[in-house]
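Let me begin by handing over the structure; questions about it come next.
The values are calculated or read from the model by the stated rules, or taken from the named source; none is laboratory data. Owing to the predicted nature of the structure, the values given are computational and were not obtained by experimental measurement. Here the Cβ positions follow ideal geometry from the backbone for every residue, glycine too, while neighbour counts run over all protein chains shown. All accessible areas refer to the heavy atoms of the entire protein, side chains included, with ligands and DNA or RNA removed. Shrake-Rupley method; radii C 1.70, N 1.55, O 1.52, S 1.80 Å.
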Amino acid sequence: MSLVIAGGHGRVALTVSRLLAVRGERVSAVIRRPEQAGVVRDAGARPLVADLATASAEDLTELLTGARAVLYAAGAGLGVAPGQPAPVDHDSIVTFADAAERAGVRRFVMLSVMGADPAARYRDNPLVETFLRARGRADENLLARSALATTVIRPAWFRDRPGTGMVHLAERTGVGDIAREDVAAVLATLLSTDSTSPRVLELIAGTTPIHDAVARHSPPRRPAPR
């Protein structure tokens, strides 16, 4: 069974694909334009062409059928206008989750953002406020779905420095930043984890190895029946 990444052409998503491919995982990446396929293949993923902003749940269900887990890593980062978020920052997330449920996918990892909140205030930039509120509403929608084992990751600002493999992953981390490579490594690890508790986790640079950081929030495995 494969792992499917929505927004597969993004820098974080491409790094996730590379990490998973090295581990021998079968990875598919949803991209908007056919010309993005070459970069996705180079990262070890199979390209699936669909415009998340306009695709229906029926369209996406076909792409997700047979997937073991999915990662939503798409995002515009700003609203179209104050109070009007880009579709990929809310509506497409809900549609993608609908498709995951229809396809029988249980594990859903959501790349959100620190500060996401339906009531977020960002007076200095109304577009950022629109984005944070949209992501907050989308996160709440995902977490309310009992059919999905969702983990929402809210990283601090990305930095283009080498990853260290050391992070702080918690319900509340405080302020900080995080290397883009380390965000990708956390997401790749989460995709191989059945679930985490709590399901909303903030992420900044820290002192804990990524595998240990994720394991701290994973429920204990049930013993095999005798």
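Being in a loop (DSSP other than H, G, I, E, B) and hydrophobic (A, V, I, L, M, F, W, C) is the filter here; which residues of the stretch 82-91 pass it?
Within the stretch 82-91, just 86 meets the criteria.
Still on this structure, please answer the following. Checking the conditions here, which among 38, 83, 66 is within 22 Å of residue 131 (Cα to Cα) and not aliphatic (A, V, I, L, M)?
Residue meeting the stated conditions: 83.
Suppose the filter is under 26 Å from residue 178 (Cβ atoms), under 16 Å from the mean Cα position of the chain (by Cα) and surrounded by 14 or more Cβ atoms within 10 Å (Cβ to Cβ); does residue 97 pass it?
yes
If residue 123 meets every condition in (1) closer than 27 Å to residue 174 by Cα; (2) touching a strand residue (DSSP E or B) at 6+ places or on another chain (Cβ under 6 Å) apart from one, which number is that one?
With (1) closer than 27 Å to residue 174 by Cα; (2) touching a strand residue (DSSP E or B) at 6+ places or on another chain (Cβ under 6 Å) applied to residue 123, the lone miss is (2).
Now a separate question. Got a number for residues in the stretch 140-170 being under 22 Å from residue 69 (Cβ atoms), among the small types (Gly, Ala, Ser) and in a strand (DSSP E or B)?
The total comes to 1.
Turning to a different aspect of this structure: Condition test on residue 181, is it touching a Gly at 6+ places or on another chain (Cβ under 8 Å), modelled with pLDDT of 95 or more, of a type in the set (D, E, K, R) and under 27 Å from residue 43 (Cβ atoms)?
So residue 181 passes the test.
Within the stretch 40-62, count every residue that is under 20 Å from residue 188 (Cα atoms) and either in contact with a Gly (Cβ under 7 Å, 6 or more places away or on another chain) or of a type outside the set (Lys, Arg) (or both).
Qualifying residue count for the region: 7.
Just to verify a result, which residue in the stretch 171-211, among those that are closer than 19 Å to residue 23 by Cα and assigned to a loop (DSSP other than H, G, I, E, B), is most open to solvent (accessible area, probe 1.4 Å)?
Filtering the stretch 171-211 for residues that are closer than 19 Å to residue 23 by Cα and assigned to a loop (DSSP other than H, G, I, E, B), the one most open to solvent (accessible area, probe 1.4 Å) comes out as 194.
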